[in-house]
Every structure is written in structure tokens, then in C-alpha cells.
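The values are calculated or read from the model by the stated rules, or taken from the named source; none is laboratory data. What you are looking at is a predicted structure, and each value in this text was computed from that prediction instead of being measured. When we count neighbours, we look across all protein chains shown, and the Cβ atoms used for this are built from the backbone with ideal geometry, even at glycine.
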Amino acid sequence: MKVLFVCNNVYHKGNGQSVAVKASMAALREHGVDVRLMSIANPDPNGPQPEYPLEHWKFPIFEPIIYANGLAYAKIDKKKIREAVEWADIVHIQEGLFLQGAALNEARRQGKTLTATYHVFAQNFNANLGFSKNSPINWPMMYLWRRFVFDPCTDIQCPTPAVRDQLKKEGYKSRLHVISNGIAIPAEPVKATPVSAEGTIDLLCVGRLSKEKSQDTLLKAMRYSRYADRIHLIFAGRGTKEKKYRKMADRLLQEGILKTPPTFGFYTHDQLNELAHTSYLYIHCAWVEVEGLSCLEAVREGAVPVIAQGDMIGTSVFALCPESLYPVYDSKALAERIDWWIEHPEKRNEMAQRYADSARNYDINKSAEALVAMFEHALGSKAK
């Protein structure tokens, strides 16, 4: 089975989708699938390269914002697309953008099987350009994606039930498969570390500092928390909102609400694992999220999460109890959840192990097996 992954950008750091794509490809290869990639060439000449490299196309006006958010878009190369599609049995698209449209048209011309993974909602894409959750541009974009890119696909991987439900609501006719992107799971179960609620309390928040990640909800929550003077906020990520969030943090310090300056930084994978292992809580504030692998990776390390809940947030599927959820945007409710966990340290440490164990359900090897079955089904139905 030869599967061509079509993704604009896989090599820009700070992009969760690119991490998921690379991990899925590696897992599929471990399961005997011949996988190749068509994407923008890796800017690091010493790093791995796609089998079908494309040039970087710079989006007019918005390019600085797009690139700052860890994204980039490929220039259409019809010759390269034709060559890549000719090689494949299955063309597996990762987005609903111009590159995928061109690859899809060529695949249909050649009679190739088409499948997809749904990685982002239109709101994810448009938030990076400065548009709001309820912008009138969102619905037309979702319609165009469905009509011209995803509808021709026989099967679509939905990383969470929230994605499947949204696509059904949007009228998608393809077969929808709930298959997590998955994460690496160690052979031996992780032993969660008991964390004290005495002294300084570390709260970890991982993700690009961007509009749709909504980390300002956590900063605003400090005004309502009874324990803000003992809380140390750790923001692991970079992004266009960093300057704004630093100013918000400085005001909280000047007003005496926070006593410990929040930490802003970019960490290696191992460093993030250690932070997740030792932080009291993991806070996930995004108002639109297909899956949220950074949250799942923190849970794997025994972090107890508090996750925003809303109609376009797939991440909330990882919550094991009501105290790990709060209504999206509601900073007061978030503060109440944080305070509850601080006041119940024994419950926090009990749940830490339950969360670490729950992550084993999202083993990327299981995801690869489910994807292989999806591909075989797609090929079989195409042959009929």
C-alpha cells in the first residue's frame, strides 16, 4: 500500500499539526505502509526532506502573522503533484487549502483513492489571520472546504468525536472515522508524581501564544483565585500574543495579585514532559481545537488537566471528571476549578495516576492500525 501525505508544511516548529503528521507517517511505516510526503521543503538543509518538496508560497499581506503562528503554505507545482500522485495508491490530504485542491484534482484525473485527516476547523485558520470565532468568513470557508476538497474523499479521519459531530452538522457525506492522531506511549506505565499544594503552585499551559489558544483566560482567572498569591504560571510556547500576555502578567504583579512572575519560554519535548510531571495542574484554554495533543502528552505524564469545554473543542474528551472542565472563556469558572483542585490535594494526586493510565488509550500504534484499516476499506470500496 502506497500512501501519499499532502501537507503544506511539516517542518516549522511550533505547529501541532506538523507534529501529528510526522508522527502518523512514522507509525504507519512501522506498520508496513509505504508512505511518502509532499510538502514545503525543510528549510534546514541537514534535516529530513519530503520525497516531493515544494517551494514556499508567501501569503499576501498576512504572511508575517501566518509564519509567526508556525504556519506556511506551498506553491503549486503541477509537474511535482502529477509525479507524486502517479506513485500513490492513496492520496491522503491534511488540509482543505490550495495545495490539497490541486492534488485532489490530479488524483481524480488519475482515478486514485482519496482520503483525509481533518486537522483544523476554519476558525483555527482564520483566528491566525485576526478574525473572531463568529466571523462571517468562517461558514463560507467550511462550505468550500467540504464542497471542493473533502467531499471527494471516501473516508475522513476525525481525531475526536467533536470533529465527527461538527462534520456531520456541516453535511459531510464521507465515511467519518474517529481515530486519534495518537501519541507515543512508553512500554512501562508512567508513575504519576504526588505534588504538594503547599508553597508555590505551578500551573502549566502549553501552546502557541495565539488568539485561538486563549491563554488570556488563565491570566484573567488569577483575579478570581483565592490562591493567586501562591500560583506560578508557566506558559510554554511562543506566538503573536506574547507581548500582550507579558503586559497582562506585569499588571497582575504590580497589583499584588500574583507574587511570583509568570514564566514564558519555549521548551524541548523532554523539558515539557518534566514540567508536566511536576506541575500541580495543566490548563488548556483554547476555544477551537481539533484534538490538542499537547494536553494529551501532559496527561500521559500524570498531569491533571483543566480544559475549556465548548462545541468546537475536541480536547475536552480527555477529561475524566467534571472538575477537569470549565465553560470556555469563563475565567471565573476556571478560577473556581483551580481553587477546587488546590483545596483537594489528595484527590489531585489520586487523579494524576488515573490520567496517566488513561493516556494509554491513545497509543499511536493503535491509531496507525486504525488508519491502515481505514485505507484498506477505502481501497476496497474504490475497487468495487
task = Output yes when any residue across region 266-280 is farther than 24 Å from residue 223 by Cα, part of a strand (DSSP E or B) and in contact with a strand residue (DSSP E or B) (Cβ under 7 Å, 6 or more places away or on another chain), and no when none is.
result = no
message = Looking only at residues that are of a type in the set (Phe, Trp, Tyr) and in contact with a Leu (Cβ under 8 Å, 6 or more places away or on another chain) in region 265-297, which one is farthest from residue 236 (Cα to Cα)?
response = 280
query = Given (1) buried (at least 21 other Cβ atoms within 10 Å of the Cβ); (2) touching a Lys or Arg at 6+ places or on another chain (Cβ under 7 Å), where does residue 337 come up short, assuming only one miss?
reply = (2)
key: Yes/no for residue 303 being in a helix (DSSP H, G or I), buried (at least 16 other Cβ atoms within 10 Å of the Cβ) and either at pLDDT 95 or above or assigned by TED's automatic domain parsing to the domain that holds residue 213 (or both)   = no
request  = Would you mind stating whether residue 314 is in the same structural domain as residue 352 (by TED's automatic domain parsing), at pLDDT below 95, in contact with a Cys (Cβ under 9 Å, 6 or more places away or on another chain) and within 21 Å of residue 163 (Cα to Cα)?
outcome  = yes
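Step by step: first the residues of region 19-44, then only those that are in a strand (DSSP E or B) and not hydroxyl-bearing (Ser, Thr, Tyr), then the one that is surrounded by the fewest Cβ atoms within 10 Å (Cβ to Cβ). Which residue is that? Show your work before the answer.
Start the filter on region 19-44 by keeping residues that are in a strand (DSSP E or B), which leaves 34-40.
Now drop any that are not not hydroxyl-bearing (Ser, Thr, Tyr), which leaves 34-38, 40.
Values: 34: 13, 35: 20, 36: 15, 37: 21, 38: 27, 40: 22.
Restricting to residues being in a strand (DSSP E or B) and not hydroxyl-bearing (Ser, Thr, Tyr), the top hit is 34.
In region 324-343, is there at least one residue being assigned to a helix (DSSP H, G or I), closer than 30 Å to residue 30 by Cβ and in contact (Cβ under 8 Å) with a residue 12 or more places away in the chain?
Going residue by residue through region 324-343, those that are assigned to a helix (DSSP H, G or I) are 324, 331-343.
This time we only want the ones that are closer than 30 Å to residue 30 by Cβ, so: none.
No, every residue in region 324-343 fails to be assigned to a helix (DSSP H, G or I), closer than 30 Å to residue 30 by Cβ and in contact (Cβ under 8 Å) with a residue 12 or more places away in the chain.
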request  = Filter region 96-119 down to residues that are surrounded by 22 or more Cβ atoms within 10 Å (Cβ to Cβ) and in a loop (DSSP other than H, G, I, E, B) and give me whichever is modelled with the highest pLDDT.
outcome  = 118
Residue that is surrounded by the most Cβ atoms within 10 Å (Cβ to Cβ), among those in region 352-384 that are in contact with a helix residue (DSSP H, G or I) (Cβ under 8 Å, 6 or more places away or on another chain) and among the aliphatic types (A, V, I, L, M) = 371
task = Just give me the residues in region 120-163 being modelled with pLDDT under 85 and either assigned to a loop (DSSP other than H, G, I, E, B) or outside the structural domain of residue 368 (by TED's automatic domain parsing) (or both), in sequence order.
result = 120, 121, 128, 129, 130, 131, 132, 133, 134, 135, 136, 137
task = Evaluate region 8-18: report whether one residue or more is over 22 Å from the mean Cα position of the chain (by Cα), in the same structural domain as residue 164 (by TED's automatic domain parsing) and either assigned to a helix (DSSP H, G or I) or at pLDDT below 90 (or both).
result = no
task = Report yes if some residue within region 181-194 is modelled with pLDDT of 95 or more, of a type in the set (Ser, Thr, Tyr) and farther than 22 Å from residue 4 by Cβ; otherwise report no.
result = no
